[in-house]
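Each remark here refers to the structure printed beneath this line.
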Amino acid sequence: MSVIAVDVGGTKVSGAVFETNGRITGKMTRLLENRSGIQVGDLIIGIIDSLISGYTTGIHEIQAIGICVPGIANSKTGKVWAPNIRGWEDYPLQKEIEDHISHPFIRVKIASDRTCYILGEVWKGNACGCENAVFISVGTGIGVGILIDGQVLHGHNDIVGASGWLALQTPYLKEYEQYGCFESHASGNGMAMQAKKKLQSGNYADSFLNTVSLDMITAHDIFSAYAHRDRLAVELIDHAIQLWGMAAANLVSLLNPEKIIWGGGVFGPAVQHLDQIYEEACRWAQPISIRQAKFEKSALTGDAGLCGAGYLALLDKN
């Protein structure tokens, strides 16, 4: 018997068939290619159908389906909100898939990407064996998956972990309304946005980043410039390190985890700064708790969401 996992990202959708022992027997990826609304739903259904026909003996072999979405998955309504997918403001994804599968014994379970990231690490990654761990995902945005006393936290409406809105500095800026303070400065998109603002000020004419079109600057460009000790890139990344450390300190003081696990596209290149982030966190956090917490990179890299969706399905199969 098997479960199907689907990881919906901002640019692609990945799917896999997991045996109950965790072994992957089939995997596939499709690009979103500007799809929106029901087109993305159809793409997910197509991937599920292809996985069943290509890697199983049929629908009777599937016990459950787990889906990871880049936003909020409301467990009460089965609807999802994903800011990077047009038409997914209140999208009935669970009903759409259940209607298509039309099988009374196959459960469909949907969760946010941050929930799936921590589940993936608990199942097959660096949170294996932990009772208390936090996954900080830093990519296009920032989100946190939280495991406390062996249970993943969800909150009143499954919005736990929207850590991009952590308030880490003053004064309040208008941009925080859409992105949040933390995310506006320390996510991939936030760092690019700050780079653009500083370049437009005219105070960084010597920056390597001036060779990149303003609208095309990415976090990757900033890290590349940092490697050459570019003044602007150093300023941006040093500030991000400070905020990453402060955010981690707040989470350690509040939740007392065994581990903080760092993942997402920015960690990646930012993994080289984990020691600096930990040192910064030590300045701000509850002193006993922070000295007992380990900072580690994700063991699953780009597969954390997919593994988490698989584990979500396995947890729900009973």
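Before we move on, is Gly265 at pLDDT below 95 and of a type outside the set (Val, Ile, Thr)? Judged against the criteria, Gly265 is a match. Pairs meeting the criteria (first residue in region 140-168 and on the phi > 0 side of the Ramachandran plot, second residue part of a loop (DSSP other than H, G, I, E, B) and not aromatic (Phe, Trp, Tyr), beta carbons under 7 Å, at least 6 apart or on different chains) are Asp149/Glu131; Asp149/Asn132; Gly150/Glu131; Asp158/Asn74; Asp158/Ser75. Among the residues making up region 287-318, those that are more than 16 Å from Ala133 (Cβ to Cβ) and either open to solvent by 80 Å² or more (accessible area, probe 1.4 Å) or hydroxyl-bearing (Ser, Thr, Tyr) (or both) are Pro287, Ile288, Arg291, Thr301, Leu315, Asn318. Note on region 85-185: no enclosed strands (runs of 3 or more DSSP E) hold 3 or more residues that are more than 19 Å from Glu296 (Cβ to Cβ), more than 19 Å from the chain's Cα centre (by Cα) and of a type in the set (D, E, K, R).
Every residue, every condition in (1) open to solvent by 70 Å² or more (accessible area, probe 1.4 Å); (2) among the charged types (D, E, K, R), yes or no:
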{"site": "His154", "(1), (2)": "yes, no"}
{"site": "Gly164", "(1), (2)": "no, no"}
{"site": "Met191", "(1), (2)": "no, no"}
{"site": "Ser201", "(1), (2)": "no, no"}
{"site": "Asp206", "(1), (2)": "yes, yes"}
{"site": "Asn210", "(1), (2)": "yes, no"}
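Scanning region 256-286 for residues that are open to solvent by less than 50 Å² (accessible area, probe 1.4 Å) and free of Cβ contacts under 8 Å to residues at least 60 places away in the same chain yields a count of 9. Please work out if Asn318 is over 14 Å from Val138 (Cα atoms) and modelled with pLDDT under 95. Answer is yes for this residue.
Return yes when Ile65 is surrounded by fewer than 21 Cβ atoms within 10 Å (Cβ to Cβ), at pLDDT 95 or above and of a type in the set (A, V, I, L, M) and no when it is not. So Ile65 does not fit the description; no. Selection of first residues in region 205-218 that are without any contact (Cβ under 8 Å) to a residue 60 or more places away in the chain and under 10 Å from Leu232 (Cβ atoms) and of second residues that are in a loop (DSSP other than H, G, I, E, B) and open to solvent by 90 Å² or more (accessible area, probe 1.4 Å), restricted to Cβ pairs under 8 Å at least 6 apart or on distinct chains, gives the following pairs, ordered by first then second residue: Phe208/His228.
Could you tell me which numbered condition Leu166 fails, if it satisfies all but one of (1) of a type outside the set (D, E, K, R); (2) within 26 Å of Cys116 (Cα to Cα); (3) modelled with pLDDT under 95? Failed condition: (3).
Just so you know, in region 74-106 the residues that are open to solvent by less than 60 Å² (accessible area, probe 1.4 Å) and of a type in the set (Val, Ile, Thr) include one that is nearest to Thr140 (Cα to Cα), and it is Ile85.
Tell me whether region 224-232 contains one or more residues that are in contact with a Lys or Arg (Cβ under 8 Å, 6 or more places away or on another chain), on the phi < 0 side of the Ramachandran plot and crowded, with 21+ Cβ neighbours inside 10 Å. Yes.
The values are calculated or read from the model by the stated rules, or taken from the named source; none is laboratory data. As the structure is a prediction and not an experimental result, all values here were calculated from the model. Ideal geometry is used to build each Cβ from the backbone, glycine not excepted, and the neighbour counts take in all protein chains shown. Surface areas here come from the heavy atoms of the whole protein model, side chains and all, with no ligands, DNA or RNA. Shrake-Rupley method; radii C 1.70, N 1.55, O 1.52, S 1.80 Å.
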